[in-house]
Structure formats: C-alpha cells, structure tokens
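Working notes for the structure below.
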Amino acid sequence: MYHIHGGHGRYLRELIVNLEELDTTNRYTIILKPEGAALYIPKNPNFKTIVTGTHWYTLGEQISFLRLLNKLHADLVHFPHWNVPLLYRRPFVVTIHDLILCEYPTSAVSTRNPLIFWVKYAGFQIILRHALTHAEHIITVSETTRDQITDHFPELLTETTPIHLATSVPHVISSESRHSRDESRNLNVEIPRLRPASQDFARDDDLRRHFLYLGTAYPHKNLPFLLHAFHQFGIRYGRTYQLILAGAGSIFYDRLLATDTAKTLLENGDLIYKEAPDDAALEELYTNATTVICPSLMEGFGLPALEAAARGVPVIASRIPAFQEVLGDTAIYFNPHNIESLIAALCHSGARRLDDAIESREDKERDPIAPTTSALHDDNLRDKLLSRAQQFSWRKTAEKTLRIYQLTNCQVLA
C-alpha cells in the first residue's frame with residue numbers, strides 16, 4: 001500500500017492508524033513511497049514499513065513491485081486501488097474508489113498524447129478486470145461504486161462490500177463561534193476573510209461572502225460548468241459573492257484558469273484560486289465558507305461534501321448517487337447538466353428567491369431544473385449536517401476492513 005497524497009492517501013493514513021489501535025495480533029507490512037515513509041512512523045510494534053521507489057501506473061509496478069510483493073510471502077495483501085500487478089498470485093483484497101475512467105473514457109483526462117492515452121487505457125481495462133476477478137474480496141467506498149461495478153461487470157462473482165470513508169476533522173464545531181461569525185455578517189462588522197495571493201485578483205475594499213470548491217480540476221469535476229453558472233449568477237444578481245477554488249496545481253487547473261470565463265472572474269476579483277492548501281489552510285477555507293459546492297458529474301464518494309457537513313457548512317451538490325448517499329436530505333441538489341438549476345441553487349444558498357432565477361416558469365414545483373432546497377429552509381440544518389457526519393467514522397471503516405481481512409484469511413486457510 002503506497003499511495004500517500006490526495007483522497008486515497010487520506011484513506012490509507014486513517015485506515016492504517018486505526019488498524020494499529022485495533023489489531024495487536026496480526027503483523028502488517030506497509031509499503032510506502034519515500035515521501036510517505038517520512039510522514040508515517042508506526043506506533044504498533046506489529047507494524048513495519050518498506051520503502052519502494054516504484055511509480056504507480058508504470059511498467060515498474062508490474063515488474064519490480066511484483067518482485068517486492070513476492071519476497072514478502074504475505075498471507076494477504078490489501079491493494080488500496082485497482083492497480084494490482086497482473087502476475088501476482090497470492091491472496092489479496094482490493095479497494096475500488098470509483099469507475100470514473102469507465103464512465104468517461106476520454107483523453108481529456110490525460111496530459112499525454114491521445115494515442116498513448118488509449119494504449120494506457122487498454123492496459124487499465126485489463127488490470128482492473130484482473131483485480132476484480134482475482135481478488136478474494138472487493139471493498140468499495142460506497143454503495144454507489146458497488147453498483148457501478150455490478151453495471152460494468154455483471155458477470156463478476158467476487159464478493160463486494162461497501163465500506164464508507166469518513167472525515168478526520170472534529171464533528172462538533174463551536175456553535176458560539178459560528179453564531180458569532182454569522183452575527184458579525186448581519187451587523188456589517190468586519191470579519192477575517194481569505195484573500196488571493198495577488199492583489200490583481202481582488203479589490204482591497206472587498207468584504208464578500210464566498211462559495212467554496214475543493215478538489216481537482218479533472219473533466220468529471222464539471223468546473224467549467226460551475227464557473228459559467230457563477231458568472232451568470234453575478235451578472236444577474238450582483239457580484240456579492242466570490243468563488244474560491246482550492247486544489248493541487250495541475251495542467252487541468254492551468255487550462256481552466258486560462259478560459260475566458262475564468263479570466264474575467266479573476267480580473268473582477270470574483271474568483272480566487274488557492275493552490276494545494278495544507279490542513280490548516282483547508283480548515284480556514286471550510287470555516288469561512290458560506291457554502292461548499294460539489295458540481296461533479298460522477299463521484300465514488302464525495303469526501304469534501306462530508307467534510308463540509310462535519311463542520312456544519314451547507315452544501316450545494318449535483319444530484320448524483322454518491323452525493324445523495326453521503327449527504328441524504330441535508331444538501332441542496334441541482335441538475336449538473338443545466339446551468340439554470342445551479343444558478344437557482346446559488347440563489348437559494350444566497351437567501352435569494354428562486355422565483356428570481358426561474359420567474360418565467362409557470363410550474364416551478366415540477367420544473368426539471370429546480371434544485372432540491374428543502375434542506376436550506378430547515379432551521380435545524382446545521383444540527384442535521386453534524387448528525388449526518390457523525391454516521392461516518394474512520395474507526396468504523398477500519399473495523400469493517402479488519403473483519404474483511406479476518407474473514408478472507410480464514411477462507412484462504414480453509
């Protein structure tokens with residue numbers, strides 16, 4: 001197990017730390033990249049680490065990493081992603097986070113030449129199918145991902161168990177702190193706010209609430225759609241809000257920020273990009289956000305949405321199965337293919353009348369673009385968000401995963 005960055009890295013860190021506390025019987029070998037080894041020092045004497053320089057999604061993963069695994073003679077290996085060496089023959093379980101590449105097989109998700117992408121995509125299909133068919137057990141991060149596997153691989157016989165991800169932030173945010181912040185807005189008292197790195201991106205006298213997006217800029221994240229909707233929202237109702245995008249720098253963010261819509265928003269101070277915020281910066285981003293926006297066309301889980309809920313921050317989310325599974329009835333949902341639906345959701349989040357956004361519609365209740373907004377008008381929304389987040393915990397994730405290890409190992413030995 002050697003991913004360390006991003007959502008997969010967070011999953012691994014929390015899983016391993018909790019397994020250390022839960023399991024004092026079995027011995028574990030954690031395989032890490034050099035940067036991961038610098039961040040993780042086992043506390044449980046039954047846990048040890050091995051460092052590998054092998055890069056994932058490469059030929060080396062199929063050769064040198066395979067040799068390393070074979071030398072370990074492990075009773076069971078847990079691969080936290082689909083990239084299992086094709087020639088590995090000992091028992092293993094695999095975690096599948098999503099099947100986005102199966103749903104959106106496009107070279108737009110790659111920085112490589114399209115021909116190279118399609119060659120690698122063919123390899124992905126072979127390795128994924130091998131992982132699913134040869135695993136002793138499949139773990140998915142949601143029922144949504146389990147259903148996607150069933151849809152794409154109806155002939156698959158491997159037992160599959162959904163085990164939810166969780167959030168590692170405190171579930172209970174000080175009511176007094178959030179109340180004071182909200183009250184200060186109502187009284188027009190100056191409150192701390194985030195500023196862009198360059199003063200070219202915002203005016204010095206700006207004091208504006210903001211919407212927050214956290215994540216990558218991959219095509220399925222639907223960010224051009226978000227920028228266009230936010231731009232139209234500002235044109236129609238005044239530039240009273242800013243939009244903050246936060247995520248690791250990449251060519252996908254470079255392309256997004258080079259679009260005409262992004263340039264206009266940046267020049268007007270309506271858009272701010274925060275590159276690769278650390279944990280402290282993430283906490284500040286969440287705490288100061290009016291609303292977190294999750295516009296994806298597809299997700300396996302939706303960790304930023306859950307992290308927002310854990311802080312009592314309202315969420316506007318696309319009406320897709322993963323977000324509905326994680327957030328239930330605590331979010332404002334919109335149609336991720338219709339600009340007007342997102343604009344209407346932004347209006348609701350900004351305490352504006354939905355009628356202003358779709359006033360020309362006669363049958364608003366049945367309008368297919370109208371967002372699901374009952375959560376917004378719930379006086380107990382914050383308590384419901386916190387309660388929803390408390391249903392997910394990394395300890396539960398680790399306990400269920402350990403049971404899979406134990407069950408699988410017993411079956412193999414039998």
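The values are calculated or read from the model by the stated rules, or taken from the named source; none is laboratory data. Predicted model, so just to flag it, every value in this text is computed and none were measured. In this analysis, Cβ positions are derived from the backbone assuming ideal geometry, glycine residues included, and neighbour counts consider all displayed protein chains.
Listed values, structure above:
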{"quantity": "Residue in the stretch 321-332 that is out of contact with any strand residue (DSSP E or B) (no Cβ under 9 Å at 6 or more places or on another chain), under 30 Å from T111 (Cα atoms) and at pLDDT 95 or above present", "calculated": "yes"}
{"quantity": "L99 being more than 21 Å from the chain's Cα centre (by Cα), touching a residue at least 24 places away in the same chain (Cβ under 8 Å) and either surrounded by 18 or more Cβ atoms within 10 Å (Cβ to Cβ) or more than 29 Å from G249 (Cα to Cα) (or both)", "calculated": "no"}
{"quantity": "Lone unmet requirement of (1) at pLDDT 95 or above; (2) in contact with a Phe, Trp or Tyr (Cβ under 6 Å, 6 or more places away or on another chain); (3) under 21 Å from S168 (Cβ atoms); (4) of a type outside the set (D, E) for V292", "calculated": "(2)"}
{"quantity": "Failed condition for D260, given (1) in contact (Cβ under 8 Å) with a residue 60 or more places away in the chain; (2) closer than 22 Å to A108 by Cβ", "calculated": "(1)"}
{"quantity": "Selection count, the stretch 381-413, where residues are under 23 Å from the mean Cα position of the chain (by Cα), buried (at least 19 other Cβ atoms within 10 Å of the Cβ) and within 18 Å of T158 (Cβ to Cβ)", "calculated": "1"}
{"quantity": "Filtered residue count, the stretch 328-344, keeping only those that are closer than 19 Å to H228 by Cβ, in a loop (DSSP other than H, G, I, E, B) and out of contact with any Lys or Arg (no Cβ under 8 Å at 6 or more places or on another chain)", "calculated": "2"}
{"quantity": "Meets criteria (more than 24 Å from the chain's Cα centre (by Cα) and surrounded by fewer than 16 Cβ atoms within 10 Å (Cβ to Cβ)) for E275", "calculated": "no"}
{"quantity": "Yes/no for T161 being β-branched (V, I, T), assigned by TED's automatic domain parsing to the domain that holds L76, under 25 Å from L402 (Cβ atoms) and without any contact (Cβ under 8 Å) to a residue 60 or more places away in the chain", "calculated": "no"}
{"quantity": "Subset of the stretch 235-258 that is among the aliphatic types (A, V, I, L, M) and exposed (fewer than 14 other Cβ atoms within 10 Å of the Cβ) - its residue that is farthest from K221 (Cα to Cα)", "calculated": "I235"}
{"quantity": "Any pair with Cβ under 7 angstrom, 6 or more apart, that starts in the stretch 310-327 at a residue that is outside the structural domain of G300 (by TED's automatic domain parsing) and surrounded by fewer than 18 Cβ atoms within 10 Å (Cβ to Cβ) and ends at one that is assigned to a helix (DSSP H, G or I) and small (G, A, S)", "calculated": "none"}
{"quantity": "Residues of the stretch 223-246 satisfying the condition of being more than 20 Å from H337 (Cβ to Cβ) and not in a helix (DSSP H, G or I)", "calculated": "G238, R239, T240, Y241, Q242, I244, L245, A246"}
{"quantity": "Boolean, I116 is free of Cβ contacts under 8 Å to residues at least 12 places away in the same chain, assigned by TED's automatic domain parsing to the domain that holds I404 and either touching a Gly at 6+ places or on another chain (Cβ under 9 Å) or of a type in the set (A, V, I, L, M, F, W, C) (or both)", "calculated": "yes"}
